[in-house]
Every structure is written in C-alpha cells, then in structure tokens.
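I have placed the structure first, in the form of structure tokens, so that the comments after it can refer back to it.
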Amino acid sequence: MADNAKGAGVAMATAREPRNDLDHIPGLLSRLGDDVTELLDTKLSLLKVEVKEDVHAYVSGAVTIAIGGIIAALGFALLNIAVAFGVSILFEDTLGPAARYAVGFAITGAVYLLVGGILVLAMKSRLSKRDMVPNRSLDELRKDKQWLKNEL
C-alpha cells in the first residue's frame with residue numbers, strides 16, 4: 001500500500017508539471033517584453049549616437065563651407081576692385097600708381113578666390129560622400145525584426 005501511495009504521489013507530481021509550465025508562461029512573456037523593451041532602448045541609443053555623429057559632421061562641414069564662402073566672397077570683391085582699377089588704367093596715357101594697385105588687388109583677389117573655392121569644393125565633396133541614413137541602426141533593426149519573426 002505504501003508503494004501505491006508513492007505511485008500516486010509520483011503521478012500527481014507528473015500531472016502538476018504541465019500546469020507549472022503554464023504558470024510560468026506569464027512570467028516568461030513578461031521577461032520577453034522586458035528584453036524586447038531593453039533591446040529597443042539599446043537600438044534607439046545607437047540611433048541617437050549615429051544621428052549625433054552625422055549632425056556633428058554636417059555642422060563642421062557647414063562651418064567650413066561658410067568660411068570658404070566668406071573667403072571666396074572677399075576674393076571676388078578684391079578681384080572686382082582690381083578690375084575697376086585696371087579699367088581706369090585704360091583711360092590713362094601712362095602707367096601710374098593705379099596700375100600697381102590694380103595688379104596688387106588682382107593677385108590678392110585671385111589668391112583669396114582660389115583658396116576659398118578650394119575649401120568650398122573640398123568640403124562639398126566630403127559631405128556628398130557622407131550618407132545621412134543611420135545604416136548601422138537600420139541593419140540592427142532588420143536583424144532584430146528577422147529574429148523576432150523566427151522566434152515567434
């Protein structure tokens with residue numbers, strides 16, 4: 001009879017195990033929800049870092065372009081002054097002080113125009129190569145989406 005009681009106890013324990021597994025499902029789902037939330041928080045943090053890096057690159061590029069534009073505008077202004085002095089020479093019979101001023105302004109203006117233009121073109125080229133899409137975050141989100149599809 002003691003064997004029957006042991007056998008019945010084992011049978012009852014076996015019958016309870018599936019029920020215990022069902023009792024654990026809400027806890028497992030809760031943990032899954034917490035893990036997915038943590039994963040999304042991590043992905044959003046990565047996205048923020050990528051966007052911050054891109055914004056920093058564009059701001060520094062824009063500042064360099066602005067400086068280059070100012071230098072180019074200064075060069076253009078000096079070149080225009082030189083042209084004006086050069087035109088005024090055409091009306092004089094001899095080469096005087098104005099001619100020397102014109103040559104000085106022309107050389108200075110050309111140098112500023114060249115330096116400013118090079119800065120603008122170099123930064124424009126560098127920025128055009130940069131992609132504003134946060135590719136690392138998108139790749140990670142695609143992987144997570146695929147993983148969730150496979151798991152569920």
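The values are calculated or read from the model by the stated rules, or taken from the named source; none is laboratory data. All figures in this text were calculated on a predicted structure; none of them were measured in a lab. Here the Cβ positions follow ideal geometry from the backbone for every residue, glycine too, while neighbour counts run over all protein chains shown.
Here are the numbers for this structure:
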| item | result |
| --- | --- |
| Residue check for residue 133: β-branched (Val, Ile, Thr) and in a helix (DSSP H, G or I) | no |
| Any hit, segment 93-107, residues being surrounded by 14 or more Cβ atoms within 10 Å (Cβ to Cβ), of a type in the set (S, T, N, Q) and at pLDDT below 80 | no |
| Selection from segment 34-58 of residues that are under 24 Å from residue 125 (Cα atoms) and among the basic types (Lys, Arg) | 52 |
| Failed criterion for residue 89 (all others in (1) at pLDDT 80 or above; (2) surrounded by 14 or more Cβ atoms within 10 Å (Cβ to Cβ) hold) | (1) |
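For (1) closer than 29 Å to residue 141 by Cβ; (2) at pLDDT 65 or above, each residue gets a yes or a no:
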residue	(1), (2)
3	no, no
31	yes, yes
34	yes, yes
66	no, yes
75	no, yes
